[in-house]
Structures are given as structure tokens and as C-alpha cells.
1. Regarding Leu55, is this residue assigned to a helix (DSSP H, G or I), in contact with a Cys (Cβ under 7 Å, 6 or more places away or on another chain) and not assigned by TED's automatic domain parsing to the domain that holds Gly245?
2. Of the residues Thr143, Thr137, Thr155, Thr161, which single one is farther than 21 Å from Leu47 by Cβ and outside the structural domain of Pro39 (by TED's automatic domain parsing)?
3. Ser181: modelled with pLDDT under 90 and either not aliphatic (A, V, I, L, M) or not assigned by TED's automatic domain parsing to the domain that holds Leu264 (or both), yes or no?
4. State the number of residues belonging to region 142-178 that are under 15 Å from Leu220 (Cα atoms) and either surrounded by fewer than 17 Cβ atoms within 10 Å (Cβ to Cβ) or at pLDDT below 95 (or both).
5. For region 146-180, enumerate the residues that are under 19 Å from the mean Cα position of the chain (by Cα) and either farther than 30 Å from Phe191 by Cβ or not hydrophobic (A, V, I, L, M, F, W, C) (or both).
6. Against the condition touching a Phe, Trp or Tyr at 6+ places or on another chain (Cβ under 6 Å), within 30 Å of Gly132 (Cβ to Cβ) and not small (Gly, Ala, Ser), how does Thr84 come out, does it pass?
7. For region 89-108, which positions are aliphatic (A, V, I, L, M) and crowded, with 19+ Cβ neighbours inside 10 Å?
8. Leu201: among the aliphatic types (A, V, I, L, M), part of a helix (DSSP H, G or I), modelled with pLDDT under 85 and touching a Phe, Trp or Tyr at 6+ places or on another chain (Cβ under 8 Å), yes or no?
Amino acid sequence: MVGGLPFVPEGTTLPPVPYLLVVLLATAGVVAALRRRRPRVTGRRVLALAPWMALGSAAHVLYVVGALPPLLAPFAGSPTVYLTVGSLAGAAWLTADAVRPDRVPAALAASGALCLVPVVAAAVSTGLSPAGARWSTIALALTLPIAGVVWVGLTRLRPETAVTGGVGALAVFGHALDGVSTAVGTTHLGFGERTPVSRILLEFDWISSVPVLGEGWVFLLVKLAVASAVVWLFAEYVRETPAEGFLLLGFVAAVGLGPAAHNLLLFAVAA
């Protein structure tokens, strides 16, 4: 357990050494293969990784609720699960690029969804919380117009950000969903924020409460401001170096979408 260190989220653990070695070797092997083959990186291909971004979070929910077999559980702890799923996604990308290079986005999205659906089903089979499922649905429904308004406003205020396309929109949506779901979870379901910096934003006593979001509206506002600023700053990078720009912006999107997907599923099964 390393979650007690400053700025490290609570619940952060390292798996037993044999598991850690397997994950590190698998990750290193996939990274080496990707560097050697150098598959083409486009916005569509990075956007197709969205189901994989959610897969890691869903697998971690199974870990949290104790629904994984003991043999597999260490692979789904945090942060090990991100390396586990990242190596699987990289392997899927390599396979798709070798078999049907013209169909990589579809293959990536389909394979990620095929892995995600049974993991979500397994989590739901442990028991569904009516209140948690209701608030998860409300959080998702509320996020869609919020993210849409922010994205339209950003591309009109800074037209150059449109070059980031779907990946930029996913980054805004992912962080909006993380902000809304976190606010809903802390206000209505009694969940706490595991990340120290985020927890500080949620614990200001002087913040006025608003309907649905409670005091978490400030956290959402900060998330939206940061995500919008990052997308704007990445616009020139994406234009000049699309491969690197889209990959890094995809990572930014994953940092928002992953925790958001984790929140929604955890609320639905553990609230």
C-alpha cells in the first residue's frame, strides 16, 4: 500500500513481485513492438481507444468489490490495472494494424467494447444499487449538455481547437463527466474523493451549495477550465505533429474518462 504518500490517491497499491514483473515485461514488450512497427497514429485511431480507457476502470471496480478470482485480482489494482489494460490495448492495435491496417479504428473500438461489456456485466451481477444507478444516470445525462456547451463555446472562442477533433471533444467530455460524477457521488451517495488535490477542492467550507452538484460545482468548474485550456494548448501541437499530439491528448482524455467511468460503475454497484 502506497496510498499514504503525499499526492498519491488512497487505495494505491503495488501487486506481489511476480505479478509486477509480468505486467512490466508485458508492457515493455508491447511498447517495444509498437516502436518497431510504428503504426500510423490518427485522431480516429486514438478516439477508438475510448472503450479501452473505460475497461481499466471497470476492471478496477471488480477489484474494489472483491469480484475477481484471487489469481487475477492483483492485475486490477491501482495503478497496475492501467499497465495491464494498456498492454492489451497496444497488443490489439498491433494485431489490427498487421491484419487489416485500413480497419484499425473499427477493430480497436470493437475489441475494446467486447472486453468491456462482460466486465461491466460481471460488476452489475454482484448487485445493483437502485440509488447508485439512478445517480449515475443523472450524472451522465447532466454531463452531455454541459460538455456539449463547453466544446461548442471553446471551438467558437478559439477556432484553432477544432483541429483536435473527436479526441479534443472526448477530453472535454471525460473531464466533465469526472467532475459531475464526483460531485454527485460526494453530495448524494457519501463517497469521498481519493486524490488529495481533488479532495481539497471538495472540502472548502465557504462554497455555496447548488442543486444536484452540491459544493462539487467548483470541482467541476476547475476540471472544465483545465481540460479546455489543455485542449487549446494542444491544438498547435496536434497541427504540427499530429501523431504525438493526438497520443498525448488521448492520454489527457483517458485521465478524465477513466475515473469518470469508475465512478459511474462503482456508484451503480456499491452505493
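1. So Leu55 fits the description; yes.
2. Thr137
3. Against the criterion (modelled with pLDDT under 90 and either not aliphatic (A, V, I, L, M) or not assigned by TED's automatic domain parsing to the domain that holds Leu264 (or both)), Ser181 does not qualify.
4. Residues meeting the conditions: 4.
5. Across region 146-180, the qualifying residues are Gly148, Thr164, Gly165, Gly166, Gly168, Gly174, His175, Asp178, Gly179.
6. yes
7. Result: Ala89, Ala92, Ala96, Val104, Ala107, Leu108.
8. When the stated conditions are applied, Leu201 passes them.
The values are calculated or read from the model by the stated rules, or taken from the named source; none is laboratory data. Please read all numbers here as calculations on a predicted model, not as lab measurements. Here Cβ is always computed from backbone atoms with ideal geometry, including for glycine, and neighbour counts include all displayed protein chains.
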